[in-house]
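Single-structure report; data block below.
The values are calculated or read from the model by the stated rules, or taken from the named source; none is laboratory data. Because the structure is predicted, anything quoted here is derived from the model rather than measured. Glycine gets a Cβ as well: all are built from the backbone with ideal geometry, and neighbour counts include every protein chain shown. Quick note on the areas: whole protein, heavy atoms, side chains included, nothing else; ligands and nucleic acids left out. Shrake-Rupley method; radii C 1.70, N 1.55, O 1.52, S 1.80 Å.
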Amino acid sequence: MSEPDGQRLQRLNDQVSAARRDTEARGETFYQGASRIHLAAFPPKERWNDWVELDSRAWPKRKERRYSLIPTTCFNCESACGLLAYVDTETLQVRKFEGNPEHPGSRGRNCAKGPATLNQVQDPDRILYPLKRAAQRGEGKWVQVSWDDALDDIATRIRRAIVEERENEVMYHVGRPGEDGYTERVLAAWGVDGHNSHTNICSSGGRCGYALWMGFDRPSPDHANARVILLVSAHLEAGHYFNPHAQRVMDGKASGAKLIVFDVRLSNTATHADYWIAPHPGSEAAIFLAIARELVVTQRYNREFVRRWWNWEEYLGADRPDLEPTFENFERALLELYGTYTFEFAARESGIEEAQLREVADLVASAGTRLSSHNWRSAAAGNLGGWQVSRCLFLLNALMGAVATEGGVFPNGWNKYVPKPMYVPPHPKRWNDLTWPQEYPLAMNEMSFLLPHLLREGRGRLEVYFSRVYNPVWTNPDGFSWIEALTDEAKIGLHVALTPTWNETAYFADYILPMGHASERHDLHSYETQDAQWIAFRQAVLRVARERRGEAIGDTRDANPGEVWEENEFWIDLSWRIDPDGKLGIRKYFESQKKPGTKLTLAEYYGYIFENSVPGLPERAAAEGITPLEYMQRYGAFEVSHKVGPLHEQRVPPAELTDANVDALGRVYTAAPKPASPNIVPTPAPASDDAGRRPVGVQVDGDVMRGFPTPSGRLEFYSGTLTDWGWREYAVPTYIKSHVHRDNLKPGQMVLIPTFRLPTQIHTRSANAKWLDELAHTNPVWINPVDAEPLGGMKTGDLVRVTTDIGYFVVKAWVTEGIRPGVVACSHHMGRWRLTDNGQRQMTATVGLDKKDGGWGLKRKSGVQPYGSADPDTRRIWWTDAGVHQNLTFPVHPDPISGMHCWHQAVFVAKAQPGDAYGDIFADSSASRRVYAEWLKLTRTARDHSPDGTRRPYWLMRPLKPGPDAFRLPALEQSR
Ligand code: SF4
């Protein structure tokens, strides 16, 4: 009989306690550290500077090798887990990467992609020198160029654009930031509203639902202490923040928590679930509303929390003026509002049996305030109106009062710490319509995936376009439109690809500038992995190793392979070249404070932050007799606070209530200045009142509390913002029928789920990791036997043609019961390709591109093959597959509210036709433009719906937020 999880955990804890007693009895140190778990296998941190291991390659001889263990953070997904580089002190090479036990988020553990950083560093195909295009864009001919020449050329163009007030022609398009605010600061210093992200193809749908509720756009679930964990995602194998959250989900399960997983696929996460719910795609919100209704009907919700913290009075005032504004009336109104969301309705919409939905509802009800939940990507990223999925999911937390509680869900900004840097430039003055067009005033992030269409319509041009750790040709939908834009020099004057690896977009660049991998660069970050706040420091480990030996290192290039650099120093150098004499007012933000007139060094920049902006770090460092910078270089991470708790319940001190004004709904505004160094900085900033006082809290039962950074200061069940901007019908959490709802499918169409990740691959970045490529190198389309049978008895391995609204792709079938009937799924982490011999060869097919039949075709010439290189393993490559690039066949589907690209596709699935070959792609350019125009018609523009003449609600988050004046719509600006 298997041992129950709770007993097993207790037994393990007892064993750890016994081990600790024994270890300490012997007078030895028991490893504890920030991980708060026993990690006996880790070298004690006191010995990291001189660690001895036997050389496995010398076996059977016992040859000792000495290592300096230097921390950094992984850059293979957004989780920023700690890594410990084992730097051989004799060869000055990294021998391996293991976890960093001093990192409070990852606690010494990594997924497979962490240690595979070694492959990336040693990749024989990596780009080691700056390259300049030597033929037409996309022809694949390159010459090596000096950094100086490249920087001068780029700086001259940027300077000219700034001087000629064409600031909006400078754009930085980032895929994986991997840092908190450094580059936004650079763009602000240049005065350009040029930040563009990938977020609207990733997570904006989920973010939108959360932001409307609490002002923060992400949840920080406390899985480890939950009684019930509800995931609309595959967090045991992917997602934000994969490894740190996965280990805490397992901690929670080990302590007895029940796991509910919503996923149309039997993912690795779903296999660990107590309840695997595979609903029809897009129906998730209907299920959550039925559960919510059940909680209200049976009065199994946290009445007191709802009364205190929901903006129910605002809802009654706006939607039910017929009722007296009492809480009892709100409860009645709530029942009426959700009366139709019965289990019967949810079962009809989702295809899940009523009885199972009832069981799940009972489980949610049993969680009390220990309900942790998360919706990352998944349904929120796939469906028109997907943002209502995360909104309706959070409704359950808000009903249970499981918000900022142990085992509940915290606003991400409370479990994250972003220290203030030494220079904070002002907000840009000009609004960039290429990234924030008027059709999408409520979009959570830049409308980045529409860029080729916006350029084609003549809405602007770009003088300098940086793609940075971003590969839109491959990652975005409608990649052929990107190729059309990138090859048009009238639209994009100069394309600079900042990348550590070859990628499909870099082929269409003018410069490819090699940037460092995780152990070759500097970044500072903090993520919401648990109820705590931590910072982690990515650093160039060979530079640290050499500096420890007393060597003087100029910049990071001196320690990196070839001429590989990093963005931090690159931006400083480039900024100096843009403004060499300082007359543009840019240079001052990149100048040393200690040695005025010289360039800022990273030691000074980060040293300042660690000394001045991280509470507790100077004291901790001083206790070890080192500086804060040395502390971060030695340990790589620091926990700023642990168990942050319910900050909304904090009372605002009287000193902050000078000249306070309380509005009709209890929002409190103050004329008192902000405290000098608040520990928590809520990211969004709700608008001031008419007298210019800033919001400081909210009155709850007579006390002024911090509340939430929403317009009302409370959790916003009712969104006045949506009402004011023309979306009154969605002002409360509700259900929107997806574009792939059954009513919207043509006869014979199925739903394609193209969003799921593979646990051992990650977008563009991991293809140069041979260990990962060996593990995962194909993306067959999952199809249920009941769907495969009518398709001519389709079998696993058969070629399938999947036809979208604009084209088709040819892929192999995987017939499996692990997918809901009527739905097919294909991972988007595959299908890498290259046009020439230049490129990463371990995971790309060589293809030909062809303009034909009014569109584009892509055909595979050859698959992956073994080849000779400095790495003998490349001769041992045994796989030929690299998967199929399905995204090229997807049109853009911008959600009219969140701006999220709605990834799911209505498709026809059939056996391949004669002449079809594996990997064939076709996409029709005019169809792509037609679908773009159709979705554009769904929008409600700022021009027609802004309540106050602005382009966007000022309180909503926005990267690199321009000043308030830039928010005004242009015509109104002129008439003032
Ligand atoms: S989850 Fe894996 S890939 Fe992501 S940061 Fe952690 S170790 Fe790296």
Residues being touching a strand residue (DSSP E or B) at 6+ places or on another chain (Cβ under 7 Å), away from the ligand (no atom under 13 Å from the Cβ) and in a loop (DSSP other than H, G, I, E, B) - total across segment 95-105 = 2
inquiry  = Pairs please, first residue from segment 919-941 and buried (at least 17 other Cβ atoms within 10 Å of the Cβ), second anywhere and of a type in the set (Ser, Thr, Tyr) and part of a strand (DSSP E or B), Cβ atoms under 6 Å, 6+ apart in sequence or on different chains.
reply    = Phe922/Tyr808
ask   = Which of the residues belonging to segment 471-490 are open to solvent by less than 10 Å² (accessible area, probe 1.4 Å) and either of a type in the set (S, T, N, Q) or closer than 27 Å to Ile162 by Cβ (or both)?
value = Asn471, Pro472, Asn476, Trp482, Ala485, Leu486
query = Taking segment 780-812 only, how many residues are on the phi < 0 side of the Ramachandran plot and either over 30 Å from the mean Cα position of the chain (by Cα) or modelled with pLDDT under 95 (or both)?
reply = 15
remark   = Taking segment 80-94 and keeping residues more than 10 Å from the ligand (Cβ to nearest atom), in contact with a helix residue (DSSP H, G or I) (Cβ under 8 Å, 6 or more places away or on another chain) and not in a loop (DSSP other than H, G, I, E, B) leaves Ala85, Val87, Val94
request  = Residues that are farther than 30 Å from Gln144 by Cβ and in contact with a His (Cβ under 8 Å, 6 or more places away or on another chain): find the strands (runs of 3 or more DSSP E) completely inside segment 736-855 holding 1 or more of those.
outcome  = 750-753, 807-815, 823-825
inquiry  = Whether any residue in segment 177-193 is within 30 Å of Ile783 (Cβ to Cβ) and either among the polar types (S, T, N, Q) or modelled with pLDDT of 95 or more (or both) is what I want to check.
reply    = no
query = Would you pick out the residues in segment 755-813 that are surrounded by 18 or more Cβ atoms within 10 Å (Cβ to Cβ), of a type in the set (Gly, Ala, Ser) and within 17 Å of Gly863 (Cβ to Cβ)?
reply = Ala767, Ala776
Count of residues meeting criterion [within 16 Å of the ligand (Cβ to nearest atom), closer than 17 Å to Trp565 by Cα and either modelled with pLDDT under 95 or open to solvent by less than 10 Å² (accessible area, probe 1.4 Å) (or both)] in segment 106-160 = 2
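Looking at segment 58-74, can you tell me whether even one residue there is within 22 Å of Lys416 (Cα to Cα), modelled with pLDDT under 95 and within 16 Å of the ligand (Cβ to nearest atom)?
No: zero hits.
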query = For segment 683-700, does any single residue satisfy the condition of being under 22 Å from Val811 (Cα atoms) and either buried (at least 19 other Cβ atoms within 10 Å of the Cβ) or in contact with a His (Cβ under 9 Å, 6 or more places away or on another chain) (or both)?
reply = no
message = For segment 853-877: of the residues being open to solvent by 80 Å² or more (accessible area, probe 1.4 Å) and free of Cβ contacts under 8 Å to residues at least 24 places away in the same chain, which is nearest to Ser926 (Cα to Cα)?
response = Lys861
